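Novice: Mind looking over this structure? Questions follow.
The values are calculated or read from the model by the stated rules, or taken from the named source; none is laboratory data. Source: prediction; values computed, not measured. Counting neighbours? That spans all protein chains shown, and the Cβs are built from the backbone with ideal geometry, glycine included. Heavy atoms of the whole protein, side chains included, go into the accessibility calculation; ligands, DNA and RNA do not. Shrake-Rupley method; radii C 1.70, N 1.55, O 1.52, S 1.80 Å.
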Amino acid sequence: MITIKSLQFKYSKSNNFIFKGTSVCIPEKSFIALLAPNGVGKTTLVKILTKQISNYTGEVKIHDEDLRNIKYNIYDVVSILTTDMKTPKFLTVAESIKFSLEAFDNYTEEKLNELIALFDLEEHRNKKISQLSSGLERRTELAQTLSNQSDLVILDEPCNALDYNSVVDTLKVIKKIKDLNKTIIYSTHQFSEVESLYTHCITIKDNKLSLVSREDINDDLHKYYSSVYKLGV
Amino acid sequence: MNRLKKLIWFESMFLIKTKTIIYLLGVFITMLVLSIVFPMNFNSDIDYKMVLGSVASVIIQFLGIGLIGLLCNLFYRDKKFSYHYWFIKHKITITDIVRSRFIFYNILFSLLAGLMFIASSIIFIFMYEVNISFYSYLYMLVLVILSTTYVVSLMIMISALVVDFVSSSGLFILIWFTIGIINGVTPYLGGYLSPLDASSVQSGVISEISGIGSNFIAEIDIYSYLLALLLPVIYAFVFYLISIKFNKYKRGIN
């Protein structure tokens, strides 16, 4: 699904490498917990995977296609949720999801209703985004994220800045996305968020990515991340 | 085309749902009142075509000031509310955003300016005897509409190039005054730079038709009439190209 070979990258204004000759292969239909403390390179990796950064050396492939050679829009094959994009507050839930579906040429009234139902947004469909709680707003953003129906979903710290109840709510929805058999990369520094969801973990340490499957997860790593934050889903 | 339609829908929703439409309504009512009251300041010898000339000049020269709050904020708004990431995630390109705003706001405000001119001309029918030919009236109406595209395009360009609202609105005011100074010093050159000033070729033509105001352009001939219509459109297109090429999204919006 995603192959990263000898990836090397540093920001132009910095002397320190974020990634230094690292390789990893992300299997299809896996739920990847991308775990690392803040500032280590999670968002940088997400930016590389969505072509926001392309001045790296090495090779990054999605569906066996080198990202740098892809001519079509990357968002046709990657669904992404990041905390730095906000749905315009004046739109309603239904309008914002419809906008997303139309942007990806997927709009039918049935698909709109399907997404609204999948994310339990029926009673909120005509509410403005500004009237929603942060958890409901995130749910709406997740519904928009799924509107392009791609196989790869990247969630960059989706529970960031949410209160406890909203985190629980959001994780329930993410569980539903997992059940759709998509490849999901969930970036977080809080292991407890993904503890019950992940099939593989990618950690970033010493500028290297390392992938470990759930079966092979190291007890020490488990304890380390579990100790940061604990949350039941 | 689909993306452009979506973006135009988005801008319409923005105007309606954020109640910006009320602000615009306020601007246009104020402009309409100004257009009606301003000619009344003149002496009693004033006639219908002079009134229309005055209305056209008021709209061309002062509409920009009223629209600062919306148009100079147009791209800063994206940064402030993080809309730009939302757009890009939806496969909307920077060119789409700039193009849609040029199309939408030019059509909207040109039509509103045209309607304002027509409304004023209807109101004054009850006060003065109509003494203007249909073609002269039509010419002034088209001139108002095309000059509005200059003002709107200039403001959108400034908003696309300058990082924040205070700077972009400040820059617009600065350009407005600078054009006035250039026109004052070298009216022959300045008159062709912008319709925003009283000594522009547009004002010269209006003065020639209506007999109101002063003509700073040495000789008004058929070419002046043509240039007065064409220049705002040419400038508006240049502003559009500059916005596409040098907008702040390309230079990193943050």
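Novice: Over 15 Å, how big is the tail of the calculated P(r) for the range B:1-52, in percent of all Cα pairs?
Specialist: 64
Novice: Still on this structure: In terms of solvent-accessible area of protein heavy atoms at a 1.4 angstrom probe, what is the ranking of A:HIS222, A:HIS200, highest value first?
Specialist: So, going from the largest accessible area down, we get A:HIS222, A:HIS200.
Novice: Let me ask you something else. If I build a Gaussian network model for chain B, linking alpha-carbon pairs within less than 10 angstrom, which residue out of B:LEU231, B:LEU15, B:LEU111 has the largest mean-square fluctuation?
Specialist: So, out of B:LEU231, B:LEU15, B:LEU111, the one fluctuating most is B:LEU15.
Novice: Now for a separate question. In whole angstrom, how far apart do the alpha carbon centroids of the range B:84-131 and the range A:1-47 sit?
Specialist: 47
Novice: List, in the order given, every pair from A:LYS178/B:LYS19; A:LYS89/A:LYS205; A:LYS89/A:LYS182; A:LYS127/B:LYS79 whose Cα-Cα distance in the structure shown is over 32 Å.
Specialist: Cα-Cα > 32 Å for A:LYS178/B:LYS19; A:LYS89/A:LYS205; rest within.
Novice: In vacuo Debye scattering of the range A:68-211, one point per C-alpha: log10 I(q)/I(0) at q = 0.17, 0.18 Å⁻¹?
Specialist: -0.98, -1.08
Novice: Related question: Which peptide among A:72-84, A:151-163, A:54-66 comes first, and what is the full order, when sorted by highest mean count of other Cβ atoms within 10 Å?
Specialist: Sorting A:72-84, A:151-163, A:54-66 by mean packing, highest first, produces A:151-163, A:72-84, A:54-66.
Novice: Could you work out, for chain B, what percent of all Cα-Cα pairs fall into each 10 Å distance bin, beginning at 0 Å and stopping at the bin that holds the largest distance?
Specialist: It works out to 7, 30, 33, 20, 8, 1, 0, in whole percents.
Novice: Shielding by partners for B:87-96, please: the mean number of other protein chain Cβ atoms within 10 Å of each residue's Cβ.
Specialist: 5
Novice: Per residue of B:122-133, how many C-beta atoms from partner chains lie within 10 Å of its own C-beta, taken as a mean?
Specialist: Mean inter-chain Cβ contacts per residue within 10 Å come to 0.
Novice: For B:PHE246, A:PHE104, A:PHE191, B:PHE62, give me the order by solvent-accessible area with a 1.4 Å probe, most accessible first, ignoring ligands, DNA and RNA.
Specialist: Greatest to least solvent exposure: B:PHE246, B:PHE62, A:PHE104, A:PHE191.
Novice: Additional query: From largest accessible area down, sort B:LEU241, A:LEU146; use a 1.4 Å probe on the protein chains.
Specialist: Sorted descending by solvent-accessible area, the residues read B:LEU241, A:LEU146.
Novice: Mean 1/r over all different Cα pairs, inverted: what Kirkwood radius does the protein assembly as shown give, in Å?
Specialist: Over the protein assembly as shown, the inverse of the mean reciprocal pair distance is 25.8 Å.
Novice: Tell me what chain A gives for mean residue ellipticity at 222 nm when only DSSP H runs of n ≥ 4 count, each as -39,500 (n - 2.57), the sum divided by the residue total, rounded to 500 deg cm²/dmol.
Specialist: Rounded to the nearest 500, the figure is -9000 deg cm²/dmol.
Novice: Among the listed pairs A:LYS98/B:LYS89; A:LYS128/B:LYS248; A:LYS98/B:LYS91, give every one whose C-alpha distance is greater than 20 Å.
Specialist: A:LYS128/B:LYS248
Novice: Please figure out what share of the DSSP beta bridges in the protein assembly as shown is antiparallel and state it in percent, rounded to the nearest 5.
Specialist: 50
Novice: Hey, another quick one. Straight-line reach from A:LYS208: which lysines have Cα under 16 Å away, leaving out those fewer than 8 places along the same chain?
Specialist: Qualifying lysines at Cα under 16 Å: A:LYS5, A:LYS10, A:LYS20, A:LYS42.
Novice: Same structure, new question: Where a ≥ b ≥ c are the square roots of the eigenvalues of the C-alpha gyration tensor, would you call the range A:1-90 rounded, which needs a/c under 1.5, or, failing that, prolate if a/b is larger than b/c, or oblate?
Specialist: Rounded shape, in that the Cα axes give a/c under 1.5.
Novice: Please figure out what share of the DSSP beta bridges in the range A:36-189 is antiparallel and state it in percent, rounded to the nearest 5.
Specialist: Percentage antiparallel, nearest 5: 25.
Novice: Determine the calculated [θ] at 222 nm for chain B from helices alone, applying -39500 (n - 2.57) to every DSSP H run no shorter than 4 residues and normalising by the residue count; nearest 500 deg cm²/dmol.
Specialist: Helix contribution divided over all residues of chain B: -26000 deg cm²/dmol.
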